[in-house]
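This report concerns only the one structure given below.
The values are calculated or read from the model by the stated rules, or taken from the named source; none is laboratory data. Predicted model, so just to flag it, every value in this text is computed and none were measured. A quick note on method: Cβ atoms are made from the backbone with ideal geometry, for glycine too, and the neighbour counts reach across all protein chains shown. All accessible areas refer to the heavy atoms of the entire protein, side chains included, with ligands and DNA or RNA removed. Shrake-Rupley method; radii C 1.70, N 1.55, O 1.52, S 1.80 Å.
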Amino acid sequence: MTTAARRYRPPVAEVTDIDIDRQRSVRLTYDDGFGCELPLDALRRACPCATCRSYRDRGEPAWPRPGQPATVTIEDAELVGAWGLSIRWSDGHSTGIYSWDALRRWCDGGSPDGLVTDLPEAFEG
């Protein structure tokens with residue numbers, strides 16, 4: 001690999017606390033003191049699984065799909081090693097893994113791949 005082909009990726013702060021409000025949001029606190037709250041509807045629309053990405057690539061919403069409820073809650077969530085968070089949604093969807101790296105970019109106000117349109121609320125950790 002040439003030097004030009006390598007991209008520098010700054011180290012990502014590690015998540016030290018996760019607070020899940022199953023009706024409203026996922027709140028993350030990082031070891032650098034930063035924290036943010038990600039609304040559930042934005043997270044569900046931003047599902048990183050292949051099926052949801054395919055819908056967005058075609059210009060269609062990943063959620064809500066026809067016949068799905070307009071609101072969503074978290075049924076269950078679990079850590080996926082040191083890599084991210086897996087969420088089982090009340091609409092039955094459960095295949096996306098939200099990487100810590102992507103969640104931090106969203107928390108910092110970024111919108112990777114145009115997935116999240118609602119900016120999260122930052123808070124003092």
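Summary of computed values
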| item | result |
| --- | --- |
| Residues located in region 38-85, provided they are among the small types (Gly, Ala, Ser) and more than 13 Å from the chain's Cα centre (by Cα) | Ala50, Ser54, Gly59, Ala62, Gly67, Ala70, Gly81, Ala82 |
| Verdict on Ser54 being at pLDDT 90 or above and outside any loop (DSSP other than H, G, I, E, B) | yes |
| Region 61-78 residues that are exposed (fewer than 13 other Cβ atoms within 10 Å of the Cβ), paired with ones that are of a type outside the set (Gly, Ala, Ser) and assigned to a strand (DSSP E or B) (beta carbon under 6 Å, 6 or more apart) | Asp76/Arg88 |
| Members of region 38-60 found to be open to solvent by less than 10 Å² (accessible area, probe 1.4 Å) and within 13 Å of Ser90 (Cβ to Cβ), listed by number | Leu40, Leu43, Arg44 |
| Strands (runs of 3 or more DSSP E) (entirely within region 57-110) containing at least 3 residues that are among the aliphatic types (A, V, I, L, M) | 74-80 |
| Scope region 22-37; condition at pLDDT 90 or above and either within 18 Å of His93 (Cα to Cα) or crowded, with 20+ Cβ neighbours inside 10 Å (or both); matching residues | Arg22, Gln23, Arg24, Ser25, Val26, Leu28 |
